[in-house]
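Q: Following this message is one structure expressed as structure tokens.
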Amino acid sequence: MLEERFSAGGFSARLCRCNTAVVGTGAAGYNAADRLWQLGQRDILIVTENRLAGTSRNTGSDKQTYYKLTLSGPEGDSVREMAETLFSGQCVDGDIALCEAALSAQSFLKLVELGVPFPRNRYGEYIGYKTDHDPRRRATSVGPYTSRQMTECLEQAVQAKGIPMLDHLQVIRILSDGHTAYGLLCLDTAAREETDRFVLIQCKNIVYATGGPAGMYADSVYPAGHYGATGLALEAGVKGKNLTEWQYGLASVKPRWNVSGTYMQVLPRVYSAAEDGSDEREFLMDFFKTPAEMLSKLFLKGYQWPFDVRKVAGGSSIIDVLVYLERCKGRRVYLDYRRNPVGGAFSYDELEPEARDYLTRAGACFGAGRGIRAGSGTGAGADGRAGASRPAAAGQCACIMGTGGPAHERMRRGHS
């Protein structure tokens, strides 16, 4: 990278020249920079608004899932089959799906070599489990903060190579003529002098790894320091590609957390209240005929977190619709892990087989009366502590998974 001063018509700015500018310091941005270096490109510059902000480093769920080719067990898998699974969702082009599948094992094992402790059995197989719409056991995880550990390991790899980074630079314009991009105009948010406020970056290539457009949602559970910058790319003439591969589902708003998996499978008490906390109602029972039917659908939300219009009638996505309608009434919705739903007045034997069998195998079918284990005194409160004095507020909001090419961030963090 070369650095100098640029002046024109009384305007002055720092000017940095490089071959490739990587915008973003999430897992995708770091991985792109690291891979470029491995492929022989040394003239790289990483640009970030805040190194410690963003979704990769600051979001999670009960277990944050990484999706890759099956690497364990007797079940067969292939690059073609995984590509067909991705393509069948009708939100990603076939060529990108094939590339993603073909490179998934390589990208996964790179993270392993960098120190991400993905689980393996005594034979060395990297074990997996089924996730949403997954016909195989391609999913794996290191816990609630999988993407954070990925980001930290990739950051260490980038720092070890000495790849330069400019922190506290907010990209405010991609410089282009509508067809070709020539660089970036950035605002230095940490500048102390007026002459240092702007930074120009002249480059031949831009890797735009800024994550999903969090700022476009009225109700968002993205980390407070993440806004997204998709609009700048579109303004510069970039054509959107595969941007429909997003998922929407239930998440808490305090803390901002994805309430999938175990958060639903333990059968919490779901209720709404007025803004002042009065008038508690277990409103889901206004729709379902029996507690067992309601709790079975709630359980399935753990497996089927993304909203799916095909699962509204007779499926788990009706939960999303009911939560949304309740919030439209001006009421707040909560997940309560301190008390049993419907006062414990239900029988595990009446649950749908999938929910009943899972809870039976987990040894969770006990408690006060016919209640649930999670309601007997422990749970996650609004401040995230077990046994907290308040339940966690929940609402319908966007949690995005997007791929627009190899450098785009994914909640499942496939590849870059």
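Q: I need the phi-derived Karplus couplings for region 47-56: 6.51 cos²θ - 1.76 cosθ + 1.60, θ = phi - 60°, integer Hz, Gly and Pro marked x.
A: Taking θ as phi minus 60°, the curve returns 10, 8, 6, 7, 4, 9, 9, x, 6, 4 Hz for region 47-56.
Q: Convert each backbone phi in region 181-191 into a coupling constant with the Karplus relation 6.51 cos²θ - 1.76 cosθ + 1.60 (shift: θ = phi - 60°), then list the ³J(HN,Hα) values in order as whole Hz, x for Gly and Pro.
A: Ordered by residue, 3J(HN,Hα) equals 8, 10, x, 9, 10, 10, 9, 7, 6, 9, 5 Hz.
Q: Ok, one more. With just the Cα atoms defining each centre, how far is region 6-31 from region 71-104? Give it in Å.
A: 35 Å
Q: State which stretch of the chain is the longest one without any exposed GluC sites (Glu not before Pro), exposure meaning a DSSP loop state and at most 14 other Cβ atoms within 10 Å.
A: 281-416
Q: Further question: Taking the DSSP beta bridges in the chain as the whole, what percent of them are antiparallel, to the nearest 5?
A: Working: 42 of 58 bridges.
Looking only at bridges with both residues in the chain, the antiparallel portion is about 70 percent.
Q: Work out the charge dipole of region 96-250 with +1 on the Cβ of Lys and Arg and -1 on the Cβ of Asp and Glu about the Cα centre, then indicate which of 117, 153, 226 is farthest towards its positive end.
A: Result: 117, furthest along the dipole toward the positive end.
Q: Now for a different question. Can you give the net charge of the other residues whose Cβ lies under 11 Å from the Cβ of residue 221, counting K and R as +1 and D and E as -1?
A: Cβ neighbours under 11 Å give a net charge of +1.
Q: When the helices in the chain are scored as -39500 (n - 2.57) per DSSP H run of 4 or longer and the sum is shared across all residues, what 222 nm value do you end up with, to the nearest 500 deg cm²/dmol?
A: Details: 10 runs with 105 residues, N = 416.
For the chain, the value works out to -7500 deg cm²/dmol.
Q: Relative contact order of region 283-329, please, whole-number percent, based on alpha carbon pairs below 8 angstrom and at least 6 residues apart.
A: Taking the mean separation of contacting Cα pairs over the length of region 283-329, I get 33 percent.
Q: Let me ask something else. Report, to the nearest 10°, how far helix 27-38 tilts away from the longest principal axis of the Cα atoms in the chain, using its own Cα long axis and a range of 0 to 90°.
A: Result, in degrees: 40.
Q: If you don't mind, there's one more thing I want to ask. Name the longest site-free stretch of the chain, where the excluded sites are chymotrypsin sites (Phe, Trp or Tyr not before Pro) in a DSSP loop with no more than 14 other beta-carbon atoms within 10 Å.
A: Value returned for the longest uninterrupted segment is 124-286.
Q: May I pose another question? Assuming a ≥ b ≥ c are the square roots of the Cα gyration tensor eigenvalues, decide whether region 225-377 counts as rounded (a/c under 1.5), prolate (otherwise, with a/b larger than b/c) or oblate. Numbers along the way, then the final one.
A: Details: a/c = 2.23, a/b = 1.75, b/c = 1.28.
Prolate, since a/c reaches 1.5 and a/b exceeds b/c.
Q: With both partners inside region 1-115, how many of the DSSP beta bridges are antiparallel, as a percent to the nearest 5? Intermediate values should be presented prior to the final figure.
A: Numbers: 7 of 11 bridges.
So the antiparallel bridges amount to about 65 percent of the total.
Q: Using Cα-Cα distances under 8 Å and only pairs 6 or more residues apart, what relative contact order does region 124-245 have, in percent? Each step should come with its number before you reach the end.
A: Details: 124 pairs, mean separation 19.4, N = 122.
Reported relative contact order: 16 percent.
Q: Between rounded, prolate and oblate, where does region 272-345 land on the alpha carbon gyration tensor, with a ≥ b ≥ c its root eigenvalues, rounded for a/c under 1.5, else prolate if a/b exceeds b/c?
A: Cα axes put region 272-345 in the oblate bin.
Q: Name the shape class, rounded, prolate or oblate, that the alpha-carbon gyration tensor gives for region 1-49, where a ≥ b ≥ c are the square roots of its eigenvalues, rounded holds for a/c under 1.5, and otherwise prolate holds if a/b is larger than b/c and oblate otherwise. Don't jump to the answer; show the numbers that get you there.
A: Numbers: a/c = 5.00, a/b = 2.02, b/c = 2.47.
Taking the square roots of the gyration eigenvalues as a ≥ b ≥ c, region 1-49 is oblate.
Q: OK, next. Please order 1, 216, 82 by the number of other Cβ within 10 Å, starting at the fewest.
A: Least crowded to most crowded, the residues run 216, 1, 82.
Q: How big is the charge dipole of the chain about its Cα centre, in debye rounded to the nearest 20, if each Lys and Arg gets +1 on its Cβ and each Asp and Glu gets -1 on its Cβ?
A: Working: 49 positive and 46 negative charges, 131 e Å.
The calculated dipole for the chain is roughly 640 debye.
Q: Okay, moving on. Give me 309, 270, 112, 342 sorted ascending by neighbouring Cβ count inside 10 Å, so fewest comes first.
A: 309, 112, 342, 270
Q: Here's another thing I want to ask about it. Round to the nearest 10 and give me the degree value, 0 to 90, for the angle of helix 146-160's Cα axis relative to the longest principal axis of the chain.
A: With rounding to tens, the tilt is 20 degrees.
Q: Moving on. For a quick check of your reading of the filter: which trypsin sites (Lys or Arg not before Pro) in region 262-322 sit in a DSSP loop and have no more than 16 other Cβ atoms within 10 Å?
A: 289
Q: Give me P(r) over the chain, computed from all C-alpha to C-alpha distances, binned every 10 Å, as integer percentages.
A: Going from the shortest bin to the longest, the percentages are 4, 20, 28, 23, 15, 7, 2, 0.
Q: Let me check against my output: what whole-number percent is the relative contact order of the chain, with C-alpha pairs under 8 Å and at least 6 apart? Walk me through the intermediate numbers first.
A: Details: 893 pairs, mean separation 83.0, N = 416.
For the chain, the relative contact order is 20 percent.
Here, each number is a calculation from the coordinates, and none is a lab measurement. All figures in this text were calculated on a predicted structure; none of them were measured in a lab. Neighbour counts run over all protein chains shown; Cβ positions are idealised from the backbone, glycine included.
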